[in-house]
There are 2 protein chains.
Amino acid sequence: MSTMVFYNGPIYTLDPEQPVVRALAIRHGRIIALGSEGRVQASVAGQRGETINLRGRALVPGLTDAHVHIIQQGLTLREVNLAGITSLKDAQRLIAERAATLPPDAWLRGSGWNHLAWGQSWPTRADLDAVCPDRPVVLTRKDGHSLWVNSRALALAGVTATTPHPEGGQIQRNRNGEPTGILIETAMELVRAVVPPLSEEERLDALRAALREALSYGLTSVHVVPGPNHATGPEVLRDLQTLRARGELSLRALVYFAPPDLEGVIHMGLRSGFGDPWLRLGGLKLFADGSLGSESAEMLSHYEGRRHVGIATIEPEVLDATIRYANSHGICVAVHAIGDAANRKVLQALEHALADREALGEAAPPLALPNRIEHVQVIHPKDLPRLAELGVIASMQPIHCTSDIEAAEALWGARCAYAYAWRSILESGATLAFGSDAPVESMNPWLGIHAAVTRQRPNGWPEEGWYAEQCLSVEEALRAYCCGPALASGEAQCKGQLQIGALADFTVLTGDPFRSKPYELHALTAAMTIVGGKVQFE
Amino acid sequence: MSTMVFYNGPIYTLDPEQPVVRALAIRHGRIIALGSEGRVQASVAGQRGETINLRGRALVPGLTDAHVHIIQQGLTLREVNLAGITSLKDAQRLIAERAATLPPDAWLRGSGWNHLAWGQSWPTRADLDAVCPDRPVVLTRKDGHSLWVNSRALALAGVTATTPHPEGGQIQRNRNGEPTGILIETAMELVRAVVPPLSEEERLDALRAALREALSYGLTSVHVVPGPNHATGPEVLRDLQTLRARGELSLRALVYFAPPDLEGVIHMGLRSGFGDPWLRLGGLKLFADGSLGSESAEMLSHYEGRRHVGIATIEPEVLDATIRYANSHGICVAVHAIGDAANRKVLQALEHALADREALGEAAPPLALPNRIEHVQVIHPKDLPRLAELGVIASMQPIHCTSDIEAAEALWGARCAYAYAWRSILESGATLAFGSDAPVESMNPWLGIHAAVTRQRPNGWPEEGWYAEQCLSVEEALRAYCCGPALASGEAQCKGQLQIGALADFTVLTGDPFRSKPYELHALTAAMTIVGGKVQFE
């Protein structure tokens, strides 16, 4: 492999020692020189290779999406995508159109719907039956925490007025006790269990599409997490290995697994971090609560104007025991917690797990990756310092903030002062690792950076930024997409900053984020993305 | 990391393109230059670094022990080691000496005994009771396929005249039906189940000792396989990760697992080869039969002068189904097969597994490592060509051949013409991967190379070599310790031969194997061993 030199552009290293350089050289997949053009050229003198003129375009470290459902993201390109649809009528039209294109008996799948964007009431199976009576329809809500299905799907799943609510879930019912067609949390499994599984080639195609999309934004790594239905776990790790064996793994993946795999991993003697820089085992993904939009995020006090506090999707004793058990075997956890009550419970359990390890001293098994909380959407100010104290990564998705403004204000009220509290979390000393939660939101990290810097939607609303005191600088936001995830994956020594010896993972942008106006940030994207020294997107 | 240049010595690359060079340079853990001293010096001109004068000593690629029970090997340094003991009296003396040093109630553990070296009759519990009546004694036979225990151990395990033989094993009994103290194959578990487990630090100490020993011979990689009792599986992988986290993993390991882990690995979506160049997941270790010395290797015709054909330790249907199941999930197998009947059954199953894969074509999951048969000690000439036809690695241990001469002649007779048939196997086009089976035999690969080249013991017996037509050349034997294991671990592109870009794993020897007399080969050892560019032994 020959040497490549990139020159004539601002190169933002995120390394505090030399934050901006003019040129960079790579060889054998690593960075071998950084500095002025003269110095870098001199250091590779006599080596064969190519030179790439950045022509003033900015080069930044490769970004990581620290929370993505990668196969599902790829599938949104193949299924009905209701993201951004603002009326039930439009949703029905898209569904009818897709239904007409499918073979008889095929399931109509889709996702992305958000009834809060259509008014406050939940849709029903009757709304689906009206446009698609014959074939089963199954549509996942944008947050992944509820399903909207038609009568045919309920019939195939055998869900009737007499079906009991499963533990940790709810079958929405009308006044007569009939299911309405909305299934929340674990109740989603009732229908999902009868949906035919995807074939391997369907999954691989979805993965390929998602990886291509990721590279086009300048992402060079992903942290893949199982969704609430455990849909991505074994398959995604298997499929990523298949792509790799076929020479198609174009970016790096850290893969978290769901509880059904915990015993096997422990018995096998595997620990978090096992693998190589392309494909590594993360840790155990757990769920402590539901979501804001489904009103199932667990809160310390009731939702505004409601009589409930959301749903704890796991018993606190089980949460506590599972985290301690995993950590005691060298396996880190990534726990979904949205509500302030859920966050408190998770921090409590993480505190116990840390105490266990401290009691063991040197005999504690190595924990190659830190524990993390996924989302941390609203945290009680008393709990805020505990993230840093316990060394817990705050894995957050900035676009959730600007998407959720209306719902958060309606359901959380004054508690929004502690919601999506990036600046407070950074100032508490904790590490932020940013991601997209795609397909819940777009995988585009520049939408996330824009949201983090402005707390506005791309249309500029709200004008002053929503709770603007929580805005980040461009550098802080970029660090949360580069350095934070590298810490979270235990790879800070070779990823996140451009340094000599680091992996040659970076991206050349269409513009310069450090010279852009904040309102322009969402329009940035990659002109060229390099992973392991190879141009994977251009 | 700086550049290191090794010069002034014959450097045997095992690369047919340039088999011998004078100098070699490494950097960042890889080989960056090879050739004449002038060329290598020129290619690193201007780079900081050190130079090492080989002073005529030979440098060869790092060797791999392709079959080792690594923790058990380390334990032999801590337990009673009866290897090489030639009389029951001497064994009893060593046992009595060790018994006197142990705390009350502590188990006396040991291994390495071989009653065939004391005459033909099996030892008994009475022989142990005579020197150690109070504490339990458990001694593993050198082949790992039977246990010799005293009355106290039998009592603690509750093994009496009425205990039934477990499936796949045998409790040796006297005329009155009383257990004699010898437990064969799965019957070993009856006592092992009550032996207190080792602590983590005891296991880590054993591992450290074994790794130090391996480096001292010039070994830079090991393929770790679970023994018949599945004793090394989860623990060894866990412990190797612990050593690695502590910066003490000094050589590379490929780790095979036992059947209890198969479901977990498959459910998790893991495949053979997952990991990195330091620690990788191998495949499933299976056992098709027992051993020659325990007369439990499964033969096509009865043992000489006996009425039995040995023991199939797995039902052929289960063997077949398990291999096909593992391969269909991208998991390779390493199947212990000593007798000609066992080898035939394994080849049959591997043929079915290959047919399954061929039927699937491109849809077959990638198999990153080839399947292998462990030991292949005696193979029917009709079956010989099938190893190469099916792409199966013959994982063999040359020292078994010279150790087993008397037993093989006594028990297999004329079938010895097809026993340890290295040359026939090589000429059939199959790949040999050599190892030690330590602690069954010494881990020293130079004893193995000596045995492979001479088919004599170090004392020169038998004078003409045993079935000398099966002798290998030094180069062939060294390839079987370097290139064969690299093929077996799916790493032929970066290991086994010294080439530009390959891992900087090699050893400087105390002499030159290519200029030594064959009878001197067993006395060679490492003067310096480099793994990943770092001097790990000197």
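List of remarks:
- The helices (runs of 4 or more DSSP H) found entirely in the range B:146-226 that carry 2 or more residues being touching a Ser or Thr at 6+ places or on another chain (Cβ under 8 Å) are B:188-192, B:200-217.
- Of all residues making up the range A:80-93, the number that are open to solvent by 70 Å² or more (accessible area, probe 1.4 Å) and of a type in the set (Gly, Ala, Ser): 1
- Considering the range B:293-308, and only residues there that are open to solvent by less than 20 Å² (accessible area, probe 1.4 Å) and modelled with pLDDT of 95 or more, the residue that is farthest from the other protein chains (Cβ to nearest Cβ) turns out to be B:TYR303.
- The set of residues from the range B:43-54 being more than 33 Å from the chain's Cα centre (by Cα) and either open to solvent by less than 70 Å² (accessible area, probe 1.4 Å) or within 23 Å of B:ASP512 (Cα to Cα) (or both) comprises B:SER43, B:VAL44, B:GLY49, B:THR51, B:ASN53.
- Filter result for A:TRP466 (touching a residue at least 24 places away in the same chain (Cβ under 8 Å), outside any loop (DSSP other than H, G, I, E, B) and farther than 24 Å from A:THR525 by Cα): no
- Residue that is surrounded by the fewest Cβ atoms within 10 Å (Cβ to Cβ), among those in the range A:484-517 that are farther than 22 Å from A:ARG30 by Cβ and among the basic types (Lys, Arg): A:LYS517
- Filtering the range A:252-269 to residues that are more than 7 Å from chain B (Cβ to nearest Cβ), buried (at least 24 other Cβ atoms within 10 Å of the Cβ) and of a type outside the set (Gly, Ala, Ser) leaves A:ARG252, A:LEU254, A:VAL255, A:TYR256.
- A:GLU202 vs. criteria closer than 18 Å to B:HIS267 by Cα, open to solvent by 30 Å² or more (accessible area, probe 1.4 Å) and within 14 Å of chain B (Cβ to nearest Cβ): no
- All of A:ALA96, A:ALA100, A:ALA25 fail the test of being outside any loop (DSSP other than H, G, I, E, B) and crowded, with 20+ Cβ neighbours inside 10 Å, apart from A:ALA25.
- If you check A:LEU360, A:LEU384, A:LEU390 for being open to solvent by 10 Å² or more (accessible area, probe 1.4 Å) and modelled with pLDDT under 95, only one passes: A:LEU360.
- Some residue of the range A:310-325 being touching a Pro at 6+ places or on another chain (Cβ under 7 Å), open to solvent by less than 10 Å² (accessible area, probe 1.4 Å) and closer than 28 Å to A:GLU362 by Cα: no
- A:VAL191 vs. criteria within 24 Å of A:SER121 (Cα to Cα), among the β-branched types (Val, Ile, Thr) and in contact (Cβ under 8 Å) with a residue 40 or more places away in the chain: yes
- Residues in the range A:167-199 that are of a type in the set (Asp, Glu) and touching a Gly at 6+ places or on another chain (Cβ under 9 Å) were compared, and the one that is farthest from the other protein chains (Cβ to nearest Cβ) is A:GLU185.
- Filter result (among the small types (Gly, Ala, Ser) and either over 26 Å from B:ASP105 (Cα atoms) or at pLDDT below 95 (or both)) within the range B:162-186: B:GLY168, B:GLY169, B:GLY177
- Filter result (within 7 Å of chain A (Cβ to nearest Cβ) and either in contact with a His (Cβ under 9 Å, 6 or more places away or on another chain) or not in a helix (DSSP H, G or I) (or both)) within the range B:237-251: B:ARG238
- Being more than 14 Å from chain A (Cβ to nearest Cβ) and of a type in the set (Gly, Ala, Ser) is a property that B:ALA210 has.
- The residues of the range B:30-56 that are of a type in the set (Ser, Thr, Tyr) and part of a loop (DSSP other than H, G, I, E, B) amount to a single one, B:SER36.
- Qualifying residue in the range A:29-36 (condition: more than 30 Å from A:TYR256 (Cα to Cα), modelled with pLDDT of 95 or more and buried (at least 21 other Cβ atoms within 10 Å of the Cβ)): yes
- Given (1) open to solvent by 40 Å² or more (accessible area, probe 1.4 Å); (2) under 28 Å from A:ILE85 (Cα atoms), index of the condition A:VAL224 fails: (1)
- Odd one out for A:ALA288 among (1) buried (at least 22 other Cβ atoms within 10 Å of the Cβ); (2) closer than 20 Å to A:ALA438 by Cα; (3) hydrophobic (A, V, I, L, M, F, W, C); (4) within 14 Å of another protein chain (Cβ to nearest Cβ): (4)
- Residues of the range B:432-456 classified as of a type outside the set (D, E, K, R) and either outside any loop (DSSP other than H, G, I, E, B) or over 19 Å from B:LEU219 (Cβ atoms) (or both), total: 14
- The range A:518-535: number of residues that are closer than 29 Å to A:GLY465 by Cα and in a loop (DSSP other than H, G, I, E, B): 2
- In the set (1) within 11 Å of chain B (Cβ to nearest Cβ); (2) touching a residue at least 24 places away in the same chain (Cβ under 8 Å), the condition left unmet by A:THR313 is number (1).
- Cβ-Cβ under 6 Å pairs, at least 6 apart or on other chains, the range B:27-48 side on the phi < 0 side of the Ramachandran plot, far side at pLDDT below 90 and outside any loop (DSSP other than H, G, I, E, B): B:ALA33/B:SER43
- Test result for A:ALA342, open to solvent by less than 10 Å² (accessible area, probe 1.4 Å), more than 14 Å from chain B (Cβ to nearest Cβ) and touching a helix residue (DSSP H, G or I) at 6+ places or on another chain (Cβ under 7 Å): no
- Residue match in the range A:496-517 (condition: in a helix (DSSP H, G or I), of a type outside the set (Val, Ile, Thr) and over 29 Å from A:THR3 (Cβ atoms)): no
- Any hit, the range A:176-189, residues being of a type in the set (D, E, K, R), open to solvent by 60 Å² or more (accessible area, probe 1.4 Å) and over 22 Å from A:ASP239 (Cα atoms): yes
The values are calculated or read from the model by the stated rules, or taken from the named source; none is laboratory data. Keep in mind that this is a model prediction, so the values were computed, not measured. Counting neighbours? That spans all protein chains shown, and the Cβs are built from the backbone with ideal geometry, glycine included. Accessible surface is based on the protein model in full, side chains and every heavy atom, while ligands, DNA and RNA are left aside. Shrake-Rupley method; radii C 1.70, N 1.55, O 1.52, S 1.80 Å.
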